[in-house]
Amino acid sequence: MTLRFHNTLTRQEQVFEPLHPGEVRLYTCGPTVYDFAHIGNFRTYLWEDLLRRHLKLRGYRVTQVMNLTDVDDKTIANARAAGLTLEDYTRRYIDAFFEDLDALGIERAEHYPRATAFIPEMVRLVQELLKRGHVYESRGSLYFKISTFPHYGRLSHLDAAAGAAQARIDSDEYDKDNPRDFAVWKAPRDGEPFWETEVGPGRPGWHLECSAMSMQLLGETFDIHTGGVDNIFPHHENEIAQSEAATDKPFVRFWMHAAHLIVDGEKMSKSKGNFFTLRDLAARGYDMRTIRFMLLSVHYRKPLNFTFEGLSQAQAALSRLDDLAGRLDQTAPGLTDDGGGLAATAKERCQGMLEDLDSDLNTAGALGHLFELVRETHTALDSGRFGRQDLEAVREVLDVFASVFGIRPGQRVDLDAEIEAAIRRRAQARERKDFAAADCIRDDLLARGIVLEDTPQGVRWKRKSA
Ligand code: AMP
Ligand code: ZN
């Protein structure tokens, strides 16, 4: 087995071996918790989940960190508008984020550091950068001086001179020496939350959050750092500058980036308003497996065009897998021990699937092998030349698919169980007096056509009549 991943740093597929034998250390940029995540975000998070699952299937222990950005311009502005503290405001979106992860069957990372819980580590990093002369002060804020870091631009391959001229036109922050210089520490502004620290009052810049938390939890050099392509510049470029300038060590060995989910030729994004959340799609009757399958079916480095037709195709493909699993269950009791020859084919298809995944997570190729086997299995079943050995070999392939793609054929969704789980989460939120979160869950269910009634005997639910 040889894993090969495309590394944004070299623009090449490279053989992947972790730094510490047997363990992969992975940092995945997480959400800014100011609103619900949309399915564009989930394209990236799902691909990262697939990466994690595949590494585990290939025998590695994975230590994954995903940050929660709970302090930045957007969280601060929205909390203010809602009349809530930053903590109260972000908590409901952190809860919603975890609900969505669970609904989509995304495995939990080992660490979900919140930026506000790592302020001392961030301050230490700023102090180190100050000591080494990479940071200067201007009107109470601290900026990273990119001219002190000769490798700046290596990840995004930007043409520094042309880029700087362009940036100067767009930039309204005249208190920086160079428009590309970026804030590592921001001076307090009227009414905004801030921390009193050794580098002065203020709050961390977004890029600093990821540098400090990743190095704290994974070490100064770690294996893989991921995100969507929009993170390459400036976010990841700035993370490299801050981290390497402070440690003189390579920060990350493999940078991997997912292409975007596109709607009508444009990136799905909050600011364009062209987005769907999981709740929107659930309200239209799409289950989470279908969304998961649709988002994983295209190779992560290819843009994926979102359409409802695409969702229907995903539904149809999943039905083919469910039908096969059902047919296998029905046939199983009457099978004889000897095989009809399909077992060898199944092993080949499995090998093909795994090799495609080893090769930069080529999901489309892997699914090609799987559906070839679905067709071949039906043919074998139709012909009656199908034995227990064949059954076991085909089931093994479905198991491999289930463990990497996180979708088990034959396990159609139990919507009632999903609703009951949401009701339990609402009760827990009420117990801890988090009425905002409880109301949020009630509203979500309502959007899905589920009405809750609080009765003396407990909560009852019913489907809203159309
Ligand atoms: P944000 O909350 O905007 O910082 O995004 C969180 C993550 O989702 C980042 O890794 C982004 O690169 C990723 N992302 C945002 N929009 C899309 C999209 N339309 N398609 C794929 N990934 C996205
Ligand atoms: Zn980040």
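The values are calculated or read from the model by the stated rules, or taken from the named source; none is laboratory data. Only a predicted model underlies this, so the values are computations on that prediction, with no experimental measurement involved. Cβ sites come from the backbone with ideal geometry, for glycine too, and all protein chains shown count toward neighbours.
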Here is a check on your reading of the model: is residue 232 within 16 Å of ligand 2 (Cβ to nearest atom), in a helix (DSSP H, G or I) and under 18 Å from the mean Cα position of the chain (by Cα)? yes
Condition met for residue 6 (in contact with a helix residue (DSSP H, G or I) (Cβ under 6 Å, 6 or more places away or on another chain) and either away from ligand 1 (no atom under 14 Å from the Cβ) or without any contact (Cβ under 8 Å) to a residue 24 or more places away in the chain (or both)): no
Positions within the stretch 32-75 being within 13 Å of ligand 1 (Cβ to nearest atom), in a loop (DSSP other than H, G, I, E, B) and buried (at least 22 other Cβ atoms within 10 Å of the Cβ), in sequence order: 33, 37, 67, 70
Positions within the stretch 212-227 being crowded, with 22+ Cβ neighbours inside 10 Å, within 17 Å of residue 9 (Cα to Cα) and not charged (D, E, K, R), in sequence order: 222, 224, 225, 226, 227
Which members of the stretch 110-140 meet the condition of being buried (at least 20 other Cβ atoms within 10 Å of the Cβ) and closer than 24 Å to residue 150 by Cβ? 125, 126, 129, 134, 135
Considering each residue of the stretch 252-275, count those that are in a loop (DSSP other than H, G, I, E, B), within 9 Å of ligand 1 (Cβ to nearest atom) and not polar (S, T, N, Q), and give that number. 5
Of 223, 264, the only residue that is of a type outside the set (A, V, I, L, M, F, W, C) and modelled with pLDDT under 95 is 264
Are there any pairs with C-beta distances below 7 angstrom linking a residue in the stretch 266-295 that is free of Cβ contacts under 8 Å to residues at least 40 places away in the same chain to a residue that is in a loop (DSSP other than H, G, I, E, B) and within 12 Å of ligand 1 (Cβ to nearest atom), with the two at least 6 apart or on different chains, and if so which? 266/272; 266/274; 274/268
Going residue by residue through the stretch 453-466, is there one that turns out to be more than 24 Å from the chain's Cα centre (by Cα) and buried (at least 16 other Cβ atoms within 10 Å of the Cβ)? no
Could you list all residues from the stretch 414-466 that are assigned to a loop (DSSP other than H, G, I, E, B), on the phi > 0 side of the Ramachandran plot and modelled with pLDDT under 85? 449
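From 248, 264, grab the single residue that is under 28 Å from residue 360 (Cα atoms), acidic (Asp, Glu) and more than 13 Å from ligand 2 (Cβ to nearest atom).
Only one candidate qualifies: 264.
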